[in-house]
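The values are calculated or read from the model by the stated rules, or taken from the named source; none is laboratory data. A quick note: this is a predicted structure, and the numbers were derived from the prediction, not measured. Cβ: placed from backbone, ideal geometry, glycine included. Neighbour counts: every protein chain shown. The area values use the complete protein model at the heavy-atom level, side chains included, leaving out ligands, DNA and RNA. Shrake-Rupley method; radii C 1.70, N 1.55, O 1.52, S 1.80 Å.
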Amino acid sequence: MTGRATGGRAAGGRVAEVFFSIQGEGATAGLPAVFVRLQGCSVGCAWCDTKYSWDPEAGAAVELDALIEEVSAYPCRRVIVTGGEPLESSMFVPLLRALGGRGFSIEVETSGILPPPPTVDRAIQWNVSLKLDGSGVAEARRLSSAAIRSFLARNAWWKFVVTSDSDVSEVLQLAERFALPRARILLQPEAMRREDLLERSPWVVEACKRHGFAFSPRLHVLLWGARRGV
């Protein structure tokens with residue numbers, strides 16, 4: 001479902017898009033959710049399919065109150081705050097507090113380079129997508145031991161985008177290095193097109209079976225292809 005244009009003044013922050021769909025990835029794949037994509041990301045993963053959200057000055061300026069009203073207008077009380085890298089946004093903490101005050105169930109999708117703010121509700125579901133070497137991001141910019149420890153304390157889910165068996169080996173090394181619980185690790189095939197997703201998913205499923213990981217689909221790609229607002 002295509003999201004509505006988001007307007008407003010610059011007092012709150014900048015948003016790439018707001019839309020109502022289903023969660024396409026991770027542990028809650030298939031659940032209806034309202035997506036709030038905050039603007040700005042300094043990570044720069046080569047696999048990213050939302051590069052329009054990288055520039056912190058792009059997107060639309062919004063006031064927090066107007067954004068909360070837009071989100072609340074949808075017939076759903078699950079919100080996924082994503083990006084870009086949402087933790088880089090100045091609106092991130094106020095947004096989560098406001099959503100929590102309205103009784104929303106909240107998921108946050110993050111690269112895990114910044115720790116979760118201590119002032120936000122611990123009931124939030126953190127979906128941490130650590131980047132692998134093949135993402136083209138230097139290790140110093142994609143792995144933060146302190147942030148990973150903080151997310152471990154928040155019982156996060158750990159999603160890895162993989163393209164080969166060597167990527168899976170790297171996941172195993174990171175799981176051992178940071179003591180990531182295997183029951184909360186998901187492997188996701190790198191795919192921006194439906195054809196690639198269907199072709200690559202079977203071997204990722206086999207890797208999950210071998211190592212006790214969960215499989216993360218990309219339901220939005222499977223259903224609608226490479227489109228925004230779904």
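Here are the numbers:
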| item | result |
| --- | --- |
| The range 58-98, residues that are in a loop (DSSP other than H, G, I, E, B), out of contact with any helix residue (DSSP H, G or I) (no Cβ under 6 Å at 6 or more places or on another chain) and either open to solvent by 10 Å² or more (accessible area, probe 1.4 Å) or of a type in the set (Lys, Arg) (or both) | 58, 59, 63, 73, 74, 75, 76, 77, 89, 90 |
| All positions within the range 26-55 that are surrounded by fewer than 17 Cβ atoms within 10 Å (Cβ to Cβ), of a type in the set (D, E, K, R) and not in a loop (DSSP other than H, G, I, E, B) | 51 |
| One residue from 68, 80 being touching an Asp or Glu at 6+ places or on another chain (Cβ under 6 Å) and either within 16 Å of residue 19 (Cα to Cα) or at pLDDT 95 or above (or both) | 80 |
| Where a residue in the range 31-50 is more than 14 Å from residue 17 (Cβ to Cβ) and its partner, wherever it lies, is of a type in the set (A, V, I, L, M) and at pLDDT below 95, with Cβ under 7 Å and at least six apart | 43/137; 44/137; 45/137 |
| Filter result (surrounded by fewer than 17 Cβ atoms within 10 Å (Cβ to Cβ) and small (Gly, Ala, Ser)) within the range 99-109 | 100, 101, 103 |
| Residues that are of a type in the set (Ser, Thr, Tyr) and under 30 Å from residue 225 (Cβ atoms), drawn from the range 141-196 | 163, 164, 166 |
| Helices (runs of 4 or more DSSP H) contained in the range 110-204 and holding at least 2 residues open to solvent by less than 10 Å² (accessible area, probe 1.4 Å) | 145-153, 165-178 |
